[in-house]
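The values are calculated or read from the model by the stated rules, or taken from the named source; none is laboratory data. Quantities reported herein were computed from a predicted structural model and do not represent experimental measurements. Because the Cβ atoms are built from the backbone with ideal geometry, glycine has one as well, and the counts that use them run over all protein chains shown.
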Amino acid sequence: MLSKDLKMEDNNTKGYVFMASSLDGFVARQDHSLDWLMKYDTGNEDQGYDHFISKIDVLVMGSGSFKTVLGFGSWPYQIPVYVLSNKMKQEEIPAELQDKVIITNENPKSLMQFLYKKGYQNAYVDGGKVVHSFLKEGLIQEMTITQIPILIGDGKRMFGDLENDIDLKLLSSKVFEKCGFVQTYYAVVNNL
């Protein structure tokens, strides 16, 4: 959904989140697996991902999320992907993805400024730690969070400790009757 009336610094790519979370606040198990999410039949209910991704021109994710996506079999993204990692090297990327995936160790603010200079306007920010670090830097404009009706007890949290509150404005909320998902769409009001 990407609203047009919200503004951020003119010299940064705008960050957007589209993630699923267990009811107890986890986006993945400790080993980054999504087995708990993949078992749901969504009943062909359109949850807005195709519309969301059509407005995005670059994706930023963490190395854990990247490794999880590699396990899906086929590469799902048509846009450039930047993987934030202090340990991974570009040589570790499979040959067929070398022209699609870039490893970087830039900090969030520097990366968003770099992406802006490359002409990218809207970045999909994905992965628990990555989302958290971009939120802390005031680099997320909007978030679409889909809550899955399951408790998994432990895993990777989407949000962690913050030094300051981050106010959100509810833009919309939707219940998916067939699968029981609840999707909320927020604007980040106080980009730090």
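Below are the figures for this structure:
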item: Qualifying positions in region 15-30 - surrounded by fewer than 17 Cβ atoms within 10 Å (Cβ to Cβ) and touching a strand residue (DSSP E or B) at 6+ places or on another chain (Cβ under 9 Å); result: 23, 25, 30
item: Breaking point among (1) at pLDDT below 95; (2) crowded, with 17+ Cβ neighbours inside 10 Å; (3) closer than 24 Å to residue 46 by Cα, for residue 177; result: (2)
item: Residue that is modelled with the lowest pLDDT [pool: residues in region 121-130 that are touching a Phe, Trp or Tyr at 6+ places or on another chain (Cβ under 9 Å) and outside any helix (DSSP H, G or I)]; result: 127
item: Single match in 66, 114, 72, 134 (criterion: closer than 24 Å to residue 180 by Cβ and aromatic (Phe, Trp, Tyr)); result: 72
item: Criterion violated by residue 49 - all others in (1) exposed (fewer than 14 other Cβ atoms within 10 Å of the Cβ); (2) without any contact (Cβ under 8 Å) to a residue 24 or more places away in the chain satisfied; result: (2)
item: Search result, residues across region 1-44 that are among the hydroxyl-bearing types (Ser, Thr, Tyr) and at pLDDT 90 or above; result: 13, 16, 21, 22
item: Breaking point among (1) under 21 Å from residue 63 (Cα atoms); (2) buried (at least 18 other Cβ atoms within 10 Å of the Cβ); (3) touching a residue at least 24 places away in the same chain (Cβ under 8 Å), for residue 154; result: (2)
item: Meets criteria (polar (S, T, N, Q) and part of a helix (DSSP H, G or I)) for residue 133; result: yes
item: Matching entry among 134, 181 (being under 23 Å from residue 34 (Cα atoms) and either touching a Ser or Thr at 6+ places or on another chain (Cβ under 8 Å) or of a type in the set (D, E, K, R) (or both)); result: 181
item: Pick from region 34-61, criterion touching an Asp or Glu at 6+ places or on another chain (Cβ under 9 Å) and not in a loop (DSSP other than H, G, I, E, B), ranking: nearest to residue 149 (Cα to Cα); result: 61
item: Among (1) in contact with a strand residue (DSSP E or B) (Cβ under 7 Å, 6 or more places away or on another chain); (2) part of a loop (DSSP other than H, G, I, E, B), the one test that residue 73 misses; result: (1)
item: Matching residues in region 24-33 - criterion: being in a loop (DSSP other than H, G, I, E, B) and within 25 Å of residue 112 (Cβ to Cβ); result: 32
